[in-house]
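Below you'll find the structure, written out as C-alpha cells, and then a few comments.
FYI, it's all coordinate maths here, none of it is from the lab. Every value quoted in this text rests on a predicted model; they were computed, and no experiment measured them. Note that we place each Cβ from the backbone using ideal geometry, even for glycine, and neighbour counts take in every protein chain shown.
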Amino acid sequence: MIRIFIVGYQPDSEPWTQVSQYPQISARHKWPMDKFTGIVRSMEMISPEERTKKIEDTKPMCICPRCPTYDNCAKAQGELLFCAVGKSSCALVKKPCLCPACPVTALMGLEHAYFCVRGSEKGLRVM
C-alpha cells in the first residue's frame with residue numbers, strides 16, 4: 001500500500017518536499033520509499049557499532065548454510081548474511097539459490113538473489 005500525503009500544497013511549490021516528515025516518502029528521491037530503502041536509511045543514522053549489532057542479531061535467521069551454493073570455505077570463514085555484508089571471499093560455484101525463501105528476504109524487503117556471488121542488496125541496487 002502506498003500512502004501519499006500532500007500537506008500545505010501550493011501550486012508553485014514542490015509537494016514532495018513537504019511530506020519528508022513521513023518515513024514512507026523519500027523527499028530526496030521524490031517517490032515512495034520501499035521497505036529495504038527505509039531500512040538502509042535508518043541504518044545510516046546509527047553508529048557503526050549499532051549497525052554491527054543489528055547484523056549480528058539477524059544472523060540466526062540466515063539460511064545461507066543450507067544453500068547448495070554455500071561451501072566448506074564459506075563455512076570455515078564463518079560467512080553469513082551475504083545480503084547485508086556482500087559477496088563471499090571464497091570462490092563459490094553458483095548452484096540453486098535459497099535467498100528467495102530466506103526469512104531475511106521478507107524481513108528486509110530484498111529483491112535480488114545470489115548475494116554470496118553477486119554482492120549485497122545495497123550494492124546490487126547501486127544505492
Revision key, fill the gap. Subset of segment 53-82, residues within 18 Å of G119 (Cα to Cα) and touching a Leu at 6+ places or on another chain (Cβ under 7 Å), comes to I55, T58, K59, C62, I63, C64, C67, T69, D71, A74
Exercise for review: Mind listing just one residue for me: the one in segment 72-127 that is basic (K, R), assigned to a loop (DSSP other than H, G, I, E, B) and surrounded by 13 or more Cβ atoms within 10 Å (Cβ to Cβ) and, of those, farthest from the chain's Cα centre (by Cα)?
Suggested key: K95
Exercise for review: Please verify whether segment 36-43 includes one or more residues that are surrounded by 11 or more Cβ atoms within 10 Å (Cβ to Cβ) and more than 12 Å from the chain's Cα centre (by Cα).
Suggested key: no
Point to revise | Those residues of segment 103-118 which are closer than 15 Å to I39 by Cβ and among the β-branched types (V, I, T), in sequence order | key: V104, T105
